[in-house]
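A.B. asks: Questions regarding the structure given below will be posed in turn.
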Amino acid sequence: EEIFWRSFLLRFITKPDFLSLKVGEFSTSALLIGSAIFGFSHPEWLPAVIFGLAISLWLKYTESLFACIVVHLVTNLALGIWVVTQRDWVFW
């Protein structure tokens, strides 16, 4: 997901010649549009929009796609642990 959403889409919305931009370089409109699309592609759309905003800003701050992959991995792991231990299957 990070390669598509954070590496490609944010830069492509900013500038169709996205390879001319470095990872983490994107416009405010790309941040808002990309986070909205990311959010609405998930069943729990509001937390996903917020997560999309947060992780995109983290990308801008760190300029590291790997850092975003780790954040996403840890978030999904925590959610998975919650779902299994609480038997709250609605999140899966």
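The values are calculated or read from the model by the stated rules, or taken from the named source; none is laboratory data. Being a predicted model, the structure only gives us computed values, none of them experimental. Cβ coordinates were reconstructed from backbone atoms using ideal geometry, including for glycine residues, and neighbour counts include every protein chain displayed. Protein only, heavy atoms only, side chains kept; ligands, DNA and RNA dropped before computing areas. Shrake-Rupley method; radii C 1.70, N 1.55, O 1.52, S 1.80 Å.
A.B. asks: Looking at this structure, is Phe12 under 12 Å from the mean Cα position of the chain (by Cα), surrounded by 14 or more Cβ atoms within 10 Å (Cβ to Cβ) and in a helix (DSSP H, G or I)? Before the answer, list the steps.
C.D. replies: Working: under 12 Å from the mean Cα position of the chain (by Cα): no; surrounded by 14 or more Cβ atoms within 10 Å (Cβ to Cβ): yes; in a helix (DSSP H, G or I): yes.
It is false that Phe12 is under 12 Å from the mean Cα position of the chain (by Cα), surrounded by 14 or more Cβ atoms within 10 Å (Cβ to Cβ) and in a helix (DSSP H, G or I).
A.B. asks: So, Leu73, is that one closer than 17 Å to Phe91 by Cβ and modelled with pLDDT of 95 or more or not?
C.D. replies: Numbers: closer than 17 Å to Phe91 by Cβ: yes; modelled with pLDDT of 95 or more: yes.
Against the criterion (closer than 17 Å to Phe91 by Cβ and modelled with pLDDT of 95 or more), Leu73 qualifies.
A.B. asks: On the given criteria, is Phe66 modelled with pLDDT of 95 or more, in a helix (DSSP H, G or I), surrounded by fewer than 11 Cβ atoms within 10 Å (Cβ to Cβ) and within 13 Å of the chain's Cα centre (by Cα)?
C.D. replies: Details: modelled with pLDDT of 95 or more: yes; in a helix (DSSP H, G or I): yes; surrounded by fewer than 11 Cβ atoms within 10 Å (Cβ to Cβ): yes; within 13 Å of the chain's Cα centre (by Cα): yes.
So Phe66 passes the test.
A.B. asks: In addition: With the requirement that a residue be over 12 Å from the mean Cα position of the chain (by Cα) and assigned to a helix (DSSP H, G or I), what does the range 42-59 give you?
C.D. replies: Trp45, Leu46
A.B. asks: Output the residues belonging to the range 30-46 that are in contact (Cβ under 8 Å) with a residue 12 or more places away in the chain and surrounded by fewer than 14 Cβ atoms within 10 Å (Cβ to Cβ).
C.D. replies: Matches in the range 30-46: Glu44 only.
A.B. asks: Turning to a different aspect of this structure: Determine which member of the set Ser56, Ser27, Ser64, Ser20 is over 15 Å from Glu1 (Cβ atoms) and touching a residue at least 24 places away in the same chain (Cβ under 8 Å). Lay out the reasoning, then the answer.
C.D. replies: On the way: Ser56 fails: over 15 Å from Glu1 (Cβ atoms); Ser27 fails: touching a residue at least 24 places away in the same chain (Cβ under 8 Å); Ser20 fails: touching a residue at least 24 places away in the same chain (Cβ under 8 Å).
Just a single option satisfies the conditions, and that option is Ser64.
A.B. asks: Moving on to the next point. Please indicate, with yes or no, whether at least one residue in the range 47-61 is open to solvent by 80 Å² or more (accessible area, probe 1.4 Å), modelled with pLDDT under 95 and not hydroxyl-bearing (Ser, Thr, Tyr). Steps first, please.
C.D. replies: In the first step, residues of the range 47-61 are kept if they are open to solvent by 80 Å² or more (accessible area, probe 1.4 Å); the result is 50, 57-58, 60-61.
When the remaining residues are screened for being modelled with pLDDT under 95, the result is none.
No: zero hits.
A.B. asks: Could you say whether any residue in the range 82-92 is among the aromatic types (Phe, Trp, Tyr), at pLDDT below 95 and assigned to a loop (DSSP other than H, G, I, E, B)?
C.D. replies: yes
A.B. asks: On the basis of being touching a Leu at 6+ places or on another chain (Cβ under 6 Å) and assigned to a helix (DSSP H, G or I), does Ser35 make the cut? Steps first, answer last, please.
C.D. replies: Numbers: touching a Leu at 6+ places or on another chain (Cβ under 6 Å): yes; assigned to a helix (DSSP H, G or I): yes.
Yes, satisfied.
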